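The values are calculated or read from the model by the stated rules, or taken from the named source; none is laboratory data. Nothing here was measured: the structure is a model prediction, and the numbers come from that model. Virtual Cβ from ideal backbone geometry, glycine too; neighbours counted across all protein chains shown.
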Amino acid sequence: MTQEDGGLDGLVRQRIRALRVAQGWSLEELAGRANLSQSSLSRIENGQRRLALDQLVILARALDTSLDQLVETADEDVVISPMINASHQTMRWPIKGDPGVHVVRQRLTDPPPDNPARMRAHPGREWLVVLSGTAILLLGDRRFRIETNQAAEFPTMMPHALGAEGKPCEILGIFDRDARRGHRSDDQPAD
């Protein structure tokens with residue numbers, strides 16, 4: 001008799017198998033790492049054996065994940081709609097896995113400021129990729145030219161400014177919680 005393959009039970013079984021395959025491990029390899037027999041692991045993956053909490057803890061550890069990640073449900077929507085701020089030409093998407101992280105798509109039309117006093121410094125990290133055009137990143141006293149499909153990552157405690165070179169450019173930026181706070185006055189009200 002097999003366990004019902006739906007719901008959380010089936011999802012956990014699929015995750016165990018997917019994580020094992022992603023590591024490139026055979027049933028035998030994961031069974032050895034989890035101190036289970038190969039047939040027991042096969043029956044767990046195939047729904048022919050009841051999932052026991054103690055085995056899930058051992059399997060999570062062997063798969064280098066947490067029990068929480070192994071059994072979490074996907075209750076929330078998968079598709080996230082952007083919040084648009086037309087005055088700053090930005091679209092922002094919160095990251096559900098880490099509510100403090102935001103993704104922002106922005107169109108830059110002006111060059112970076114000439115005045116070093118207009119550069120910002122605040123806690124956090126930023127990561128950006130140029131989607132089109134060329135961006136100029138001022139970081140302290142250094143100047144970086146970032147072309148289409150190139151990316152930059154930097155600590156935001158370093159005074160920084162960003163602008164377009166020549167014609168407008170579009171960037172996709174990822175801000176951690178601290179970096180997002182440092183830019184909040186630019187585009188969106190507090191979350």
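The table for this structure:
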{"quantity": "Close pairs (8 angstrom Cβ cut-off, 6 or more residues apart or separate chains): at positive phi in the range 156-175, of a type outside the set (Asp, Glu) and surrounded by 16 or more Cβ atoms within 10 Å (Cβ to Cβ) anywhere", "calculated": "166/133; 166/134"}
{"quantity": "Among (1) surrounded by 15 or more Cβ atoms within 10 Å (Cβ to Cβ); (2) in a helix (DSSP H, G or I), the one test that residue 49 misses", "calculated": "(2)"}
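So that you can scan it fast, the table gives a plain yes or no per residue for (1) at pLDDT 90 or above; (2) part of a helix (DSSP H, G or I); (3) surrounded by 14 or more Cβ atoms within 10 Å (Cβ to Cβ); (4) not assigned by TED's automatic domain parsing to the domain that holds residue 175:
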site: 13; (1), (2), (3), (4): no, yes, yes, yes
site: 22; (1), (2), (3), (4): no, yes, no, yes
site: 32; (1), (2), (3), (4): yes, yes, yes, yes
site: 54; (1), (2), (3), (4): no, yes, no, yes
site: 65; (1), (2), (3), (4): no, no, yes, yes
